[in-house]
Every structure is written in C-alpha cells, then in structure tokens.
Amino acid sequence: MGSYFEAERLLNGPPVTRAAYSDRTAWIMAELSRLVYEPLPAEVSITRLVHEIKESVAAGEDEDAVASLVKRAMEAEQGTSTELVSILREADFELLESFDEGGTQAFLARFNPGGSFEGMLILAFRGTEMEVADIFADIKADLRSAPGGGRVHRGFLEAFERVKEPISRALDRHAGPPLYITGHSLGGALATLATRYLEKDGTGACYTFGGPRVGDRDFFSGIKTPVYRVVNAADGVPRVPFGYGFNMFSGFIGLFPGSIPKRISSFLENFRGYTHFGYQVFLNAPPNRPDEYGVPFKKLRVDQSPNFFRKARLVLFRWVKTWGAAAAQDHGSGEYAEKLKAYALRRNPE
C-alpha cells in the first residue's frame, strides 16, 4: 500500500458545514478516491473467494486466473483488509461498510476527529481497473432513458445499479453527518450517479477527479447538491464521451443525401447529447519543482471555472508535446492528490 494522508494538518476541521469548494476537502476526497483502489473487506471475503475459485475451476479457466484468486484468498487470510481499516483509523476515519457487487466497488466511511467538528460521511467509488466488468461499463457508451428523467450512459448506470440498494440501506443506517461523495475516473461517474439518485438535495457535496461525461442536460436537472469536477491538465478521460463537437458531427452526417448517411446519423443519435455537469476546477501542468518551503509544484495554478481558451491551449500543447501520451499521464489518481495537497498546503500555511 502507498502512503496516504501525509499532510496531517490539512485534516484539522475541514469546512464541511459549508458546501462551497474547499482546497482541503478536495485533497481529502482525492486521497479517499485513491485509497478505494486498495483491497476492500467486501471483496476479500474468504467465503466469497472460495466460491469464485470453484467457479473458475469448473469453467476451465487457465492456471493464472485460478492462481490469482488463490493469492487473493491467502491475502484475505493474512488480514489484507485490516490494512485499509488501519490507514483510515490513523487519519481519524472509521470504515463503516464496503461494497463489491459485480465489479463495482465502493466504501462508506465516517470522518470525525473530535472537537467542535461535526464530522462527515464519505462515499468513495473505485475507478476503472483492467477487469471485464469495468471495461464493459466504460464502452457501453450509448445514452439510454434514465429513471427519473433524462438520458444516461448505459454502462455507468448498470454498474451503479449493482450497488445502489446496498449503499442506500447503509446510508439509512448511518444517517446524520453531511454526506460527501467522491471518485476518480469511472469512480467519478459513479459518484455523479450516486449524487443524482441518493443525494440530489443533500447538505454535502460531490467531488470527482478525472471523471467522464455521464448524461445529458435533462439528466442533471434535479441535482441541487454541489458537484465539483476536478480536471488535471490534459487528462483525456474527462473529454469522453464526446460532447458538443460530436453533436455537430452527427448532425453534419445527416445532411448528406442517401439512406446510408441517414442510417449512420440515426445510429449516432444514441451517443448524442452528452454534457458535463458541475463546477469545474482545472489544474495546470507545471514542472514538479518545490518552492522555498519544500512544497512541490511551485508554479501550480488551480483555476475555478477556467477560461476555455487558456485551458484549450494548455491541453493542445501537452498533447502535441507528448504525442498524445499526456491524455493518460495526467489521469493518475496519485498526481491529482499530490497537486491538490500542494495547493492546499500553500493556501493553509501553519
């Protein structure tokens, strides 16, 4: 496991009583969005893994697949999941429940370091991993009618619905403090869906990191909970599925005569209408050089509601300079957390 919550002073009483964007809260959410990638108690259950091993053998899967499951069972026996609990406890978090259903993972934790701070609940969703369920969730990008109105990414909705009921019951059991929902990548999409269906009029907020588009404008119309969408430089994931540019392209195809262009345009309608939702927070891409106090990313800028042309120029320059590699390089959850920590430390000096 990596190191988490190293800037301990930023954990002292984050301003959860106001739902406005907070540098400290953003860093805390980024750390939890990173931590949720670690093994969760729900997914390392011995009983569950034994069942998976039996199914894998019966299905005739190759030796490596079975060996991987056996390794997970051994790690569970050795108390792997307790490491996650320990990391959270050292930062004054309590793991309340974890969820693992059909490839969708999340945990619910409570943060309450004492004093006058009233505490907060955090629901953190895991992002994309190289697993079949996650890959299918990402590529099922057609928009379908959403419960409650609007249209939503089919794969994201299917992934969320696997855990919706158990999470809803858990939230009922632990109701009280403000609820903050978070996630990185696919986890950001799931966090947005959870905000729509579980906390659309809540007292907390939603923080996503490198999250893709989730639905159309009507889908988001009922959300009153603040949503803060953090994007790191040239990260490619927040640019998909394509938005207004794709709408124009599919409409242009339909202008051509003949039945084939009309059929293509009709098919593309399934993917037309995506838009982002929430308040964008944009991180630039400075060299990772420390300032005079040893805080990294000396020239880091964090722009709220950034200028479109300045942002587009930076993104295009990085894509060209790195031959497109920056789309993946800027997506890592670790860099989101490191940049947000550096900015919060400067904004909250000792």
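The values are calculated or read from the model by the stated rules, or taken from the named source; none is laboratory data. Because the structure is predicted, anything quoted here is derived from the model rather than measured. Here the Cβ positions follow ideal geometry from the backbone for every residue, glycine too, while neighbour counts run over all protein chains shown.
Structural remarks
- Test set (1) crowded, with 24+ Cβ neighbours inside 10 Å; (2) in contact with a Gly (Cβ under 7 Å, 6 or more places away or on another chain) - V214 fails condition number: (2)
- For L340: the one exception among (1) at pLDDT 90 or above; (2) surrounded by fewer than 16 Cβ atoms within 10 Å (Cβ to Cβ); (3) assigned to a helix (DSSP H, G or I): (2)
- Qualifying residue in region 159-178 (condition: among the small types (G, A, S) and buried (at least 24 other Cβ atoms within 10 Å of the Cβ)): yes
- Of all residues in region 187-206 being in contact with a Phe, Trp or Tyr (Cβ under 6 Å, 6 or more places away or on another chain) and closer than 12 Å to K164 by Cβ, the one that is surrounded by the most Cβ atoms within 10 Å (Cβ to Cβ): L190
- Filtering region 294-307 to residues that are in contact (Cβ under 8 Å) with a residue 12 or more places away in the chain and among the polar types (S, T, N, Q) leaves Q304, S305.
- Selection count, region 308-331, where residues are in contact with a strand residue (DSSP E or B) (Cβ under 9 Å, 6 or more places away or on another chain) and without any contact (Cβ under 8 Å) to a residue 60 or more places away in the chain: 2
- Odd one out for H331 among (1) in a helix (DSSP H, G or I); (2) farther than 8 Å from A234 by Cβ: (1)
- Taken as a whole, region 273-288 holds at least one residue that is of a type in the set (G, A, S), surrounded by 15 or more Cβ atoms within 10 Å (Cβ to Cβ) and either outside any loop (DSSP other than H, G, I, E, B) or touching a Pro at 6+ places or on another chain (Cβ under 9 Å) (or both).
- Residue tally, condition farther than 14 Å from Y274 by Cα, in a loop (DSSP other than H, G, I, E, B) and either among the charged types (D, E, K, R) or not assigned by TED's automatic domain parsing to the domain that holds R173 (or both), over region 189-246: 5
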